[in-house]
Amino acid sequence: MLSVVNICHVRCRFRNRQIERRPCRAARAQAAEVELAQARALASCTQAMIQELKLEIAKLRRDKYGISSERRARLIDQLELQLEELEAAATEDALAAEQAAAQDKTSTVRAFTRRKPVRKPFPEHLPRECVVVEAPTNCTCCGSDRIVKMGEDITDTLEVIPRQWKVIQTVREKFTCRSCEKISQPPAPFHAIPRGWAGPQLIAMIAFDKYGQHQPLNRQSDRIAREGVDLSLSTLADLKRLF
């Protein structure tokens, strides 16, 4: 009994494989027909080109050696007729190849279910700003005030904060001693450029735009001027020399 069941199972699997292979065989046969039609069109075009070259050679020989004989004139006429026939055959083969290719392109495909696109979530390290839209205190349908919160919907919107410029004023207070009459004062803050006025982030921005983004200094000067800060091209060039 078990052997009969196994045999039936094997037969079913063999039939399923045969059914699966049928579309593949049909596709291969269709592709072979397309290739055959293209090969025929190419052969017809090649024969027409050869015949045209033979006709040109015959005409050149006639022009070179003067008035041709009656036999040569008949040969030229015969070549012209053969050329017309070959051109017509080449056109028919080309149309057949195009039709076969069009049929191959319109082959049926397996049905599938299109997935709904899912947006990639925003990075977690970005700060979140929560804006709560106030809900109505009364029902919008009947006007009753007996409403209870049942949930909420959150919509994420990606926003950018424009670049801001600022001037950092470092105040160092001076003190004098009434006993020894000496003045004491904290040391000056560190600057990337000694006795410079440009902060480290400003210098890094100019250097990155120049060498990382390949942005010339004149364009940087124009962009900074549109943001309300006047940094001339010569000033940026002086900073670039100190990198």
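No value in this document is a laboratory result; all are computed from the given coordinates. Fair warning: this is a prediction, and the values are worked out from it, not measured in the lab. Virtual Cβ from ideal backbone geometry, glycine too; neighbours counted across all protein chains shown.
Sticking with the crude label model, points 7 Å out along Cα→Cβ, report the distance from R28 to T91 in nm, one decimal please. Using points 7 Å along Cα→Cβ, the separation is 3.8 nm. Calculated from the alpha-carbon coordinates, segment 116-243 shows an Rg and a Dmax of 26.7, 84 Å respectively.
Is the shape of segment 197-243 rounded, prolate or oblate, going by the alpha carbon gyration tensor and its root eigenvalues a ≥ b ≥ c, with a/c under 1.5 for rounded and a/b larger than b/c for prolate? In terms of gyration-tensor shape, rounded.
Grab the beta carbon distance between T157 and E227, set R0 = 25 Å, and tell me the FRET efficiency rounded to 0.05. Calculated transfer efficiency: 0.55.
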